[in-house]
Amino acid sequence: MKSLKLLAALLGYPSAELVAALPEIARRLGGDRSLRSATQDALAGLLAELKREDLLDLQERYVAQFDTGRSTSLHLFEHVHGDSRDRGQAMVDLNAIYARAGFSLAGGELPDFLPAVLEYLSTRPAEEVHEMLDDCAHILRAVGERLQDGGSPYAAVFAALLDLQGEPPLAAGKRERKAHAEPSLDEDWQDVPVQFGADAPPAGTQQSRPQFIRFVPKQ
């Protein structure tokens, strides 16, 4: 899916290079018929803001939006493992998946950074793309709805990822309506252990493709 690479770029740290590429990104995303019209409108709003606003202001808002708390973090394992030791092993396993595919990360980039995951998936077969997006769809929805409720135009990117996966759209106002009773994202979801390598169960007891994200609601 070529749109994944474009969406990865939009979720990256704002730069002059990104701003210069916005017309081409708009043209190519506008031709993706798998995106709902409402999502296209929301993406247009994000692109307009990235084009209109001062770059330093965009960078400050980006840091405030994604780097100051776990609830809207772009590091997927933050939402699965938090700061536990399991996160380190999950990073190793995901790096191994990248290495087997010949995919290299930029210097200092963590493997669970969503733009990196999307960049990787943009090079992979459709079946693997859908399986991995399905694994993290709940994270994408939870983060997207929090962004949407906070009025962030970046919610459009998460809406687009759900569209590409054939998922229902983001629920408007969901967090606001349930704020008095809904647990935090970290309380709401937990990971189901997945084994890799020699310790993995025999074929047939787990899917053959290593899954780097898997979580279900707590009972």
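Do you know which residues across the stretch 74-93 are open to solvent by 10 Å² or more (accessible area, probe 1.4 Å) and in a loop (DSSP other than H, G, I, E, B)? Reasoning before the result, please.
Of all residues in the stretch 74-93, those open to solvent by 10 Å² or more (accessible area, probe 1.4 Å) come to 75, 78, 80-81, 83-93.
The answer is Val80, His81, Asp83, Ser84.
Within the stretch 132-145, the residues that satisfy the criterion of being at pLDDT below 95 and either farther than 17 Å from Glu167 by Cα or not aliphatic (A, V, I, L, M) (or both) are Asp134, Asp135, Cys136, His138.
Checking the conditions here, which among Ala26, Ala16, Ala64, Ala48 is without any contact (Cβ under 8 Å) to a residue 60 or more places away in the chain and farther than 23 Å from Gly144 by Cβ?
Sole residue among the options that is without any contact (Cβ under 8 Å) to a residue 60 or more places away in the chain and farther than 23 Å from Gly144 by Cβ: Ala16.
Residues being part of a helix (DSSP H, G or I), under 12 Å from Ser71 (Cα atoms) and open to solvent by 20 Å² or more (accessible area, probe 1.4 Å): count how many of those fall in the stretch 142-167. The total comes to 1. Evaluating Tyr98 against the criteria (1) farther than 20 Å from Pro153 by Cα; (2) exposed (fewer than 12 other Cβ atoms within 10 Å of the Cβ) leaves one unmet condition, (2).
Filtering the stretch 113-122 to residues that are hydroxyl-bearing (Ser, Thr, Tyr) and either free of Cβ contacts under 8 Å to residues at least 60 places away in the same chain or surrounded by 20 or more Cβ atoms within 10 Å (Cβ to Cβ) (or both) leaves only Tyr120. When every residue of the stretch 98-111 is checked against the conditions, at least one turns out to be more than 24 Å from Met1 (Cβ to Cβ), without any contact (Cβ under 8 Å) to a residue 24 or more places away in the chain and not in a strand (DSSP E or B).
Within the stretch 123-143, residues that are more than 14 Å from Phe158 (Cα to Cα) sit with their Cβ atoms under 9 Å from residues that are open to solvent by 60 Å² or more (accessible area, probe 1.4 Å) and among the polar types (S, T, N, Q), at 6+ positions apart or across chains, in these pairs: Glu131/Gln207. Could you please find all residues in the stretch 10-69 being in a loop (DSSP other than H, G, I, E, B), surrounded by 12 or more Cβ atoms within 10 Å (Cβ to Cβ) and over 20 Å from the mean Cα position of the chain (by Cα)? Glu53, the sole residue that qualifies.
The values are calculated or read from the model by the stated rules, or taken from the named source; none is laboratory data. Fair warning: this is a prediction, and the values are worked out from it, not measured in the lab. Don't worry about glycine lacking a Cβ; one is built from the backbone with ideal geometry, like all the others, and counts go over all protein chains shown. Heads up: the accessible areas ignore ligands, DNA and RNA and are worked out on the full protein's heavy atoms, side chains in. Shrake-Rupley method; radii C 1.70, N 1.55, O 1.52, S 1.80 Å.
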